[in-house]
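K.L.:
The structure under discussion is supplied below as structure tokens; questions concerning it will follow.
The values are calculated or read from the model by the stated rules, or taken from the named source; none is laboratory data. Because the structure is a prediction, the values reported are computed rather than measured. With ideal geometry, Cβ positions are generated from the backbone for all residues, glycine too; neighbour counts draw on all protein chains shown.
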């Protein structure tokens, strides 16, 4: 598979307002930034979510492992205050939250290896009952901070910071910053299952396109990809899935759970 790129403009009619499961009439906006063939064995799925100010999304889980890259606004993420750039990783059916947005709202990208829609709320007995006990649960959150646009444009050379330390199973994440027009081969750790590159500031040049904040690029495992910054420089999170993120949740506990 070649590298795939999606921008907020690509959401099109997939952008919708979704009501929360409460009686307050609150809504969260979300749309598909990157959604290739859902019938494929691996279907990298990138979703942009815009959470209005002072809104609470209850604690919940998803069936697939996922990265979340918080690119704008602020929030309380469980008991932890977060701000751009924050990178969060959760394994299959790992509960997290609640997410309570600050006065400036919250904007973030969620990336998964398989297309998935909706959430399972942890406070509902029927949702807790459907959780597979064979699945190991884990989550990691790292607040990295974001460079000002002026500082990004003033960079003279690339900078790479480790967000999640590389693990033997392939999990890893980095925050990359490039000066205007700069280039760098996207970081990779052996044994992973592919990477999402998510723009948090500036612009990226990829596949003859220019993408700004929340643009998502999918890079297959063992595929080299050169990050190219536009005229404003580039700040981007590079998030690599471990191999154990490949199975779908329903495969755990079966003979063919590990590819």
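K.L.:
Please go through (1) part of a loop (DSSP other than H, G, I, E, B); (2) closer than 27 Å to residue 50 by Cβ for residue 161 and return the number of the only condition it doesn't satisfy.
P.N.:
Condition (1) is where residue 161 drops out.
K.L.:
Pull up region 132-158, narrow it to residues that are in contact (Cβ under 8 Å) with a residue 24 or more places away in the chain and not in a loop (DSSP other than H, G, I, E, B), then point me to the one that is surrounded by the most Cβ atoms within 10 Å (Cβ to Cβ).
P.N.:
152
K.L.:
Somewhere in region 82-90, is a residue over 16 Å from the mean Cα position of the chain (by Cα) and either closer than 18 Å to residue 195 by Cα or outside the structural domain of residue 177 (by TED's automatic domain parsing) (or both)?
P.N.:
Checking region 82-90: not a single residue is over 16 Å from the mean Cα position of the chain (by Cα) and either closer than 18 Å to residue 195 by Cα or outside the structural domain of residue 177 (by TED's automatic domain parsing) (or both).
K.L.:
What are the residues in region 205-237 that are in a strand (DSSP E or B) and within 18 Å of residue 173 (Cα to Cα), if any?
P.N.:
Across region 205-237, the qualifying residues are 216, 217, 218, 219, 226, 227, 234, 235, 236, 237.
K.L.:
So if I check each of 170, 191, 211, which one is outside the structural domain of residue 94 (by TED's automatic domain parsing), under 30 Å from residue 81 (Cα atoms) and modelled with pLDDT under 95?
P.N.:
After ruling out the rest, the residue left standing is 211.
K.L.:
Same structure again: Filter region 164-202 down to the residues that are surrounded by fewer than 21 Cβ atoms within 10 Å (Cβ to Cβ) and assigned to a strand (DSSP E or B) and list them by number.
P.N.:
Answer for region 164-202, where residues must be surrounded by fewer than 21 Cβ atoms within 10 Å (Cβ to Cβ) and assigned to a strand (DSSP E or B): 164, 183, 184, 185.
K.L.:
Give me the residue from region 5-26 that is at pLDDT below 90 and assigned to a strand (DSSP E or B) and, out of that set, surrounded by the most Cβ atoms within 10 Å (Cβ to Cβ).
P.N.:
In this case the residue turns out to be 18.
K.L.:
Look at residue 206 and say whether it is in contact with a strand residue (DSSP E or B) (Cβ under 8 Å, 6 or more places away or on another chain), under 18 Å from residue 7 (Cβ atoms) and modelled with pLDDT of 95 or more.
P.N.:
Answer is no for this residue.
K.L.:
Which pairs turn up if I take residues in region 179-199 that are touching a residue at least 60 places away in the same chain (Cβ under 8 Å) and at positive phi and look for partners that are buried (at least 19 other Cβ atoms within 10 Å of the Cβ) and part of a strand (DSSP E or B) with beta carbon separation below 7 Å, at least 6 apart in sequence or on another chain?
P.N.:
What qualifies is 194/218; 194/219.
K.L.:
Looking at region 140-158 only, could you name the residues that are over 29 Å from residue 96 (Cβ atoms) and touching a strand residue (DSSP E or B) at 6+ places or on another chain (Cβ under 7 Å)?
P.N.:
149, 152, 153, 155, 158
K.L.:
Give me the strands (runs of 3 or more DSSP E) completely within region 34-131, filtered to those with at least 1 residues that are surrounded by fewer than 19 Cβ atoms within 10 Å (Cβ to Cβ), ordered by residue number.
P.N.:
By residue number, 66-77, 80-82, 99-112.
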